[in-house]
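The values are calculated or read from the model by the stated rules, or taken from the named source; none is laboratory data. Model, not experiment: these values are computed from the prediction. Cβ: placed from backbone, ideal geometry, glycine included. Neighbour counts: every protein chain shown. SASA here: full protein model, heavy atoms, side chains in, ligands and nucleic acids out. Shrake-Rupley method; radii C 1.70, N 1.55, O 1.52, S 1.80 Å.
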Protein chains: 2
Amino acid sequence: MTPYIKEHKDRFLAELFDLLRIPSVSTDVTYQPDINKAAAFIAHQLNEAGADKVEVCQTAGNPVVYGEKIIDPKLPTVLVYGHYDVQPADPIDLWDTPPFEPTLKDNKIYARGASDDKGQMYMHVKAFESMMKNNTLACNVKFMIEGEEEIGSVNLGQFINERKANLDADVILISDTGMISIDTPSITVGLRGLSYMEIELTGPNRDLHSGMYGGAVQNPLNAMAEVVASLKDADGHITIPGFYDKVEILSDEDRAKMAKAPFSLDDYKKALAIEKEFGEKGYSTNERTSIRPTLDVNGMWGGYTGEGAKTVIPSKAYAKISMRLVPHQSWEEISEIFTKHIESIVPDGILVKVTTHHGGTPVVIPTNSTEFKAASNAYAEAFDGKEPIPVRSGGSIPIVALFKEELGLDSIMMGFGLDSDAIHSPNEKFGVDNFLKGIETIELFYKHYAAIK
Amino acid sequence: MTPYIKEHKDRFLAELFDLLRIPSVSTDVTYQPDINKAAAFIAHQLNEAGADKVEVCQTAGNPVVYGEKIIDPKLPTVLVYGHYDVQPADPIDLWDTPPFEPTLKDNKIYARGASDDKGQMYMHVKAFESMMKNNTLACNVKFMIEGEEEIGSVNLGQFINERKANLDADVILISDTGMISIDTPSITVGLRGLSYMEIELTGPNRDLHSGMYGGAVQNPLNAMAEVVASLKDADGHITIPGFYDKVEILSDEDRAKMAKAPFSLDDYKKALAIEKEFGEKGYSTNERTSIRPTLDVNGMWGGYTGEGAKTVIPSKAYAKISMRLVPHQSWEEISEIFTKHIESIVPDGILVKVTTHHGGTPVVIPTNSTEFKAASNAYAEAFDGKEPIPVRSGGSIPIVALFKEELGLDSIMMGFGLDSDAIHSPNEKFGVDNFLKGIETIELFYKHYAAIK
């Protein structure tokens, strides 16, 4: 830990806690005021740290916070991306401490957004502050912190398009992923894409008495079960025609290399309290969550869900279904064939409406670039000479593909989260050591990047 | 309409409206105070009408209201059964007028419970008042109005057991069913039984990020869809082993007789706005809802069901499933084989818990009894000589079987509701003409029963 970080870490944490107290949930409009509060907070902190041209940029949706420090146009420029919006906290009752009242326990920060992404994004703000105060900033830097990552960054494309000139840089730096362990540094070099869909089925025009009508009309809940169940076969293969057509096939060598990453299936199952893992036949658990696409129901509802019993045949049934995609699959194309397929399999007597929530393109990052090398050196120096392992994440950060398309820039994903952080789950947490180690490693990236670029 | 009904009908309606304003929902404990209010209201009205020994009888659950008028021990005794509890009103937003603020529109009463069963139960209270005030009461009468019919009359069995002596009678009279139309009187002579179950599936011990884990663990929502979808085959047959073993098989003559009841499949589909009906292969729509058992999902939920998108694999998934049963099926036995079957088909990696909410035994009422004859004569006199058509209802009134077992009495189901009453649905209603015609016909039953018993 650098002297500056040691000296100021309590303040760093206090500031992060203030940010975590703002329930900036982007998927629910009732939190709009908190979205704006969070954006203003980031802008204020960038100013304090010494950034220029700090601006809360309005978009058609949630604002993007911008700030920069150009010390010398001849030096390389790092564009830092992060997001201040968070996932909803529900189910609230499963949290041991209030999701928006950050709590320190065994040196871990418990709060929604602690790891995804407020805690990790804030490492960059503090690394920047440290470099400014110590006059060690070795590259130009630009910040672009958005508020719609959890809902597919729906307005970021237009933002980038309008400001291409300002955003001109040499590399994108992101901390919104994980590492294998605090002793085993890793860099994320692959992300799955995403196609997030919603199905609405309508049977009778009103809820019906299940005694009077039961047996004579199609029940949209039974129909939904049929539709969803038919989307995967017994081997865990997705049955949507054409779904696998463009999936990247890895060589046996590549798969063998991946298999070397430390992993214990027993620990994995124990951590989730499941007796047996499940997934596509012919692939390992790690492959199922990285190089293979998948389909999951994220929410399903209809009829009476309250206490006790209600003998009703509901008029409507709903399901939210997302598919994780791998390189060469197009989310637009998958969303389209998903829609066509669902429409084609819905039983008679049921009306169907399929809508696309959002999507993201899968990406793979080259490991032979100057940028990757700089990151690798930074980790090696921060982690006593340990070279980071390149890994593919099962998650999606749609904007990484967007940056490549729109700005022609690769992203370096220096993630410091852990699988056990429970992001998107109750009791999300982020290790204080991860937070501080992240700040230290980020500073080193600037040093090494300036040195070899 | 009798002169007394004509003279007092506005007051009759005003009183019924007061009763309908009490949200006596039995399936949700938060309405407990309203349950008690409704019971007190009935007790008060029975007193006003001239009943003796009126009592709000406490039970382990909701109270039963009792009252009687014994004019001569040698005369036959009619035991009136009804219920003051109602179904939940949700989905509230589909109601055109507030469910608990009764509204008169085109001579129909719109309110939760208007038809099921407050409106129909109250016909008996007013028929009793009319006979008392006009000195025309020709039989002894006892009232037993309960508050747990919509949750399976869970405590009525014990109540009857404890008070067998008081409840001694010659026939049970119930208005909690429908008639074919206001011009086509009918008497319900068959009721389906019910087995109401709930399934809870547990996958991982916490909600998971669908990117990090998607493809590698069994998703309880996908598993629920599989389980539910497997319960019926393409022909609408229920696949639970042994489910049909004891189902009563009707003769072709009986089926031909049933087929004579006026019915238009086109009107049926139009009323529900469905393009195609659905049900067990080889049976008509009327048969599917009367002489054949069925299985319906009444509620299914899990994961994120709010606005927008949440990329989560939930820890739990739930489904409420009810099966309507026909003569010779035992609901206890069906609940047991359902539970065993579900436990046997749940996929690896998922824990299952199946619970029974409640059940009811199917019944068939003889049409050659003095009681049925008396009811038939009453309808014929009230409906210009039209003999009522005996029909089997798809619904369940579990206590009808209970009365036969415990008291050895058959029930005469003089229902005045219509299919279009939308009971258990938003905008439940009951025709004012049905209400008044019901009072008139009930009075006539007492006259004819005393005459031929």
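Miscellaneous remarks
- Number of positions in segment B:1-31 that are more than 20 Å from the chain's Cα centre (by Cα) and open to solvent by less than 70 Å² (accessible area, probe 1.4 Å): 10
- Here the condition is being charged (D, E, K, R) and buried (at least 18 other Cβ atoms within 10 Å of the Cβ); of A:K74, A:K108, it holds for A:K108 alone.
- Of the residues making up segment A:184-207, just one is facing chain B (nearest Cβ under 10 Å), open to solvent by 30 Å² or more (accessible area, probe 1.4 Å) and in contact with a Pro (Cβ under 7 Å, 6 or more places away or on another chain), namely A:R206.
- Number of the condition not met by A:G236 [criteria: (1) more than 30 Å from B:I180 (Cα to Cα); (2) open to solvent by 30 Å² or more (accessible area, probe 1.4 Å)]: (2)
- Among (1) within 23 Å of A:K453 (Cβ to Cβ); (2) touching a Ser or Thr at 6+ places or on another chain (Cβ under 7 Å), the one test that A:Q120 misses: (1)
- Elements of type helices (runs of 4 or more DSSP H) in segment B:353-453, at least 3 residues being within 14 Å of another protein chain (Cβ to nearest Cβ) and more than 24 Å from B:K108 (Cα to Cα): none
- Scanning segment B:29-59 for residues being touching a strand residue (DSSP E or B) at 6+ places or on another chain (Cβ under 6 Å) and either part of a helix (DSSP H, G or I) or among the aromatic types (F, W, Y) (or both) gives a total of 6.
- Subset of segment A:204-236 that is hydrophobic (A, V, I, L, M, F, W, C) and part of a loop (DSSP other than H, G, I, E, B) - its residue that is nearest to the chain's Cα centre (by Cα): A:L231
- Taken over segment B:370-400, the criterion of being among the hydrophobic types (A, V, I, L, M, F, W, C), within 21 Å of B:H424 (Cβ to Cβ) and either without any contact (Cβ under 8 Å) to a residue 24 or more places away in the chain or in contact with a Leu (Cβ under 8 Å, 6 or more places away or on another chain) (or both) is satisfied by B:I397, B:I399, B:V400.
- Test: residue in segment A:174-183 that is within 23 Å of B:H209 (Cβ to Cβ), in contact with a His (Cβ under 7 Å, 6 or more places away or on another chain) and at the interface with chain B (Cβ under 10 Å from one of its Cβ atoms): no
- Single condition B:D266 does not satisfy, out of (1) under 17 Å from A:P204 (Cα atoms); (2) more than 8 Å from chain A (Cβ to nearest Cβ); (3) open to solvent by less than 20 Å² (accessible area, probe 1.4 Å): (3)
- Looking only at segment B:278-294, and only at residues there that are open to solvent by less than 40 Å² (accessible area, probe 1.4 Å) and at the interface with chain A (Cβ under 8 Å from one of its Cβ atoms), the one that is nearest to the chain's Cα centre (by Cα): B:T289
- Qualifying residue in segment B:165-176 (condition: in contact (Cβ under 8 Å) with a residue 40 or more places away in the chain, outside the structural domain of B:S369 (by TED's automatic domain parsing), crowded, with 24+ Cβ neighbours inside 10 Å and of a type outside the set (A, V, I, L, M)): no
- Filter result for B:D34 (in contact with a Gly (Cβ under 9 Å, 6 or more places away or on another chain) and either closer than 30 Å to A:P314 by Cα or surrounded by fewer than 15 Cβ atoms within 10 Å (Cβ to Cβ) (or both)): no
- Residue among B:S330, B:S315 that alone is farther than 30 Å from A:R324 by Cα and among the polar types (S, T, N, Q): B:S330
- Qualifying residue in segment B:332-343 (condition: farther than 11 Å from B:E198 by Cβ and part of a loop (DSSP other than H, G, I, E, B)): no
- Within the option set B:G299, B:G308, being free of Cβ contacts under 8 Å to residues at least 24 places away in the same chain, within 13 Å of chain A (Cβ to nearest Cβ), within 27 Å of B:A225 (Cβ to Cβ) and under 22 Å from the mean Cα position of the chain (by Cα) holds for one residue only, B:G299.
- Filtered residues of segment B:68-104 (kept if more than 14 Å from chain A (Cβ to nearest Cβ) and free of Cβ contacts under 8 Å to residues at least 24 places away in the same chain): B:K74, B:P98, B:T103
- Scope segment A:150-168; condition in a helix (DSSP H, G or I) and of a type outside the set (K, R); matching residues: A:E150, A:I151, A:L156, A:G157, A:Q158, A:F159, A:I160, A:N161, A:E162, A:A165, A:N166, A:L167
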